[in-house]
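Just below is one structure, and these are the notes that go with it.
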Amino acid sequence: MARKKLDDTQPIQVTPVDKTAENSLGDTQSIKKKHKRGRIILLGILAVLLFTIGGGGFGYLNGINQRIAKENEEVLTQAALHYQYGLQQMAAGNFELAKTQLEYVLQIYPDFPDAKEKYTETLVQLASSNTQIGPDIEPTATPDTRGAEALFNQAVQEVQNQQWALAFQILHSLRDEDYTYRTIDVDGMYFTTLRHRAIELIVNEGNLEEGLYFLAVVEKYAPLDHDAVNYAQWARMYITGASFWDIDWSQVVNYFGQLAAAFPYLHDGTGWTATDRYLKGSEYYGDQLANAGDHCNAIKQYQNVLNYGAREDIQDKYNFSHLKCYPPTPTPEPTPTIDDTATEEPPPAEPTPTP
């Protein structure tokens, strides 16, 4: 067969690039980048919104928790108050009123300590004291409040006269007589009387422990005022300082030094004022330091006593410790001086021998 000679190489066909497709591809990639960037921005905005909403939600939840805690505290305070009233009525033999108070406690705070036990005890006392009731039940008579009214008027008079001890006794009798009589007015007088009676016990009678107890009861009704807070703080400081007596004189001086400056005439049942205990504590602390050889600190304690007035015995102790702390400097002996200008006399001449 004759071989066909290829004179020329067949040309390669190149497909022309579609510019429209290329532009379309670039636009697609640009759109994708824009979408991606938009998603990132959107996610960032959503994250900020979530954090904002979350923070607001946390703040809202925190506010709710605080309000619930406050409500629970108020409920517990009311439960404790009515529980004490119930115990008072039980002690007075008024078991019906005690039952009412304890029922209210269990209603608002079922888990109040010992409330169920006391309520059961009240029911037992009522069951044992009740007599058999006949078939015909007589109508209940209207309670006579003339006794409660007289006690109330007398309590008002004693409060106006600032006879706090007597007013407190009358109000206590009024509650035993009729707990339901004008409760709001009685509670108001009870708060005022307890507050002033507590200050009276602390300042005038030196009964610090009972005064602090009355102030603790007053706090169940309302927060203490500024003066009452100060009196309570000073009373606690006195009791704490007295607990270190004969144990740690440095603490005695510390506590009663502050009291002597703030409330110098505060005293306890012994009659010792804060100033008395400060001076005696400083003296004993100075003696302790001097006996240990620390005379430099001992003179500071003796000076505390001397600042309030001259005392010969303390002055002698002060002088002794001061001499030990600052001993006198020994005086040096005088050194003889030599006069260089003086002319020495020549020794006497020996006699010449006679030949």
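The values are calculated or read from the model by the stated rules, or taken from the named source; none is laboratory data. It should be emphasised that the depicted structure is a prediction, and the values quoted were computed from it without experimental measurement. Note that each Cβ is placed from the backbone with ideal geometry, even for glycine, and that neighbours are counted across all protein chains shown. We work out accessible area using only protein heavy atoms, side chains counted, and drop any ligands, DNA or RNA first. Shrake-Rupley method; radii C 1.70, N 1.55, O 1.52, S 1.80 Å.
The table for this structure:
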{"read-out": "Residue in the stretch 318-328 that is part of a helix (DSSP H, G or I) and touching a Pro at 6+ places or on another chain (Cβ under 7 Å) present", "value": "no"}
{"read-out": "Test: residue in the stretch 307-314 that is out of contact with any Leu (no Cβ under 8 Å at 6 or more places or on another chain), at pLDDT below 95 and either of a type in the set (A, V, I, L, M) or crowded, with 21+ Cβ neighbours inside 10 Å (or both)", "value": "yes"}
{"read-out": "Residue match in the stretch 268-279 (condition: open to solvent by 40 Å² or more (accessible area, probe 1.4 Å), more than 25 Å from residue 320 (Cβ to Cβ), modelled with pLDDT under 95 and assigned to a helix (DSSP H, G or I))", "value": "no"}
{"read-out": "Residues of the stretch 211-224 that turn out to be open to solvent by 60 Å² or more (accessible area, probe 1.4 Å) and either closer than 19 Å to residue 269 by Cβ or among the charged types (D, E, K, R) (or both), as a count", "value": "3"}
{"read-out": "Any chance residue 235 is of a type in the set (Gly, Ala, Ser) and part of a helix (DSSP H, G or I)", "value": "yes"}
{"read-out": "Which numbered condition residue 245 fails, given (1) at pLDDT 95 or above; (2) in a loop (DSSP other than H, G, I, E, B)", "value": "(1)"}
